[in-house]
Amino acid sequence: MSSWLSRVPLQGLLLAASTLLPPVASAANESVRVWLTTTSGSTLSKKLNAEANKAFGPETGSATAIDVNEGVTYQTLDGFGGALTDSSAWLIFNSPRRTAIMNDLFSVSAGAGQSAIRLPMGASDFARSNYTYDDTCCDLNDFSVGHDTAYILPLLKQARAINPEVKVFAVPWSAPAWMKFNNSLTGGGYLRNDLYGTYANYFVRFVQAYQENGVPIHALSLQNEPHNANGGYATMQMESNDQSVF
């Protein structure tokens, strides 16, 4: 190889290299539309306001370069979407514009086409009240998703009817208070060591109950914000080792 290279003129090597490399695409001067949402204190000062179009500038030596290679793929995406909390579900379900809202969110042809929903398993920081699926110590004999059948499950089924690709990702903000060392739904606190099995069955019962109500659970996460010990809403602490054991 070295003897072959020694006989090839430099310009020939450059020409050969240029024919092997993929063409370089540039976004310079391409125009993009911009929508902006900004906060002002505790309120939104701009809510998806249409801003003036922006144009990509030419590449410079000091600018951050973003190279997109369509021939290389990594992990796949399950979908894009948002959280359906207790309070948001209640507001949408009772809105006279419920159908329009749901179509705006989930319709592929006429709306945002959202395909993923993050669902709190019980109360969260956006809940009308603190609740779990079994608030009675000390077994799961009173387990019920009855709270969700009023307005959460109907909306989930409506979302899946509008867009069959919708996937539900469920995650608890806290285990029931009686399963925790601090015996409280709020203020963080850790899961009792002797109730890991009971809490695991709590997850199983939840998935089964949702399946029976026509809403399959695509995936589960063990704990929302596992270092959050906020005293104003449902929270629980769960270290990585605890999650591994669980």
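The values are calculated or read from the model by the stated rules, or taken from the named source; none is laboratory data. As the structure is a prediction and not an experimental result, all values here were calculated from the model. Virtual Cβ from ideal backbone geometry, glycine too; neighbours counted across all protein chains shown. Please note that ligands, DNA and RNA were not included when accessible areas were found on the heavy atoms of the full protein model with its side chains. Shrake-Rupley method; radii C 1.70, N 1.55, O 1.52, S 1.80 Å.
Of all residue pairs spaced 6 or more apart or on separate chains, those with beta-carbon atoms under 8 Å, a first member in region 38-60 that is basic (Lys, Arg) and a second member that is open to solvent by less than 90 Å² (accessible area, probe 1.4 Å) and in a strand (DSSP E or B) are 46/36; 46/37; 46/38; 47/37; 54/31; 54/32; 54/34.
Which residues, counting only those in region 117-136, are in contact with a Leu (Cβ under 9 Å, 6 or more places away or on another chain) and farther than 17 Å from residue 207 by Cα?
Going residue by residue through region 117-136, those that are in contact with a Leu (Cβ under 9 Å, 6 or more places away or on another chain) are 117-123, 130-135.
The answer is 130, 131, 135.
Take region 135-161 and flag every residue that is farther than 15 Å from residue 210 by Cα and open to solvent by 50 Å² or more (accessible area, probe 1.4 Å). Quick ask: steps written out before the conclusion?
The first filter runs over region 135-161 and keeps only residues farther than 15 Å from residue 210 by Cα, leaving 135-142, 161.
Within region 135-161, 135, 136, 137, 138, 139, 141, 142, 161 meet the criteria.
Only one of 186, 132, 198 is within 22 Å of the chain's Cα centre (by Cα), among the polar types (S, T, N, Q), surrounded by 13 or more Cβ atoms within 10 Å (Cβ to Cβ) and farther than 30 Å from residue 109 by Cα; which? Quick ask: steps written out before the conclusion?
Working: 186 fails: within 22 Å of the chain's Cα centre (by Cα); 198 fails: within 22 Å of the chain's Cα centre (by Cα).
Answer to the check: 132.
Condition test on residue 119, is it closer than 30 Å to residue 232 by Cα and of a type outside the set (Gly, Ala, Ser)? The answer is yes for residue 119.
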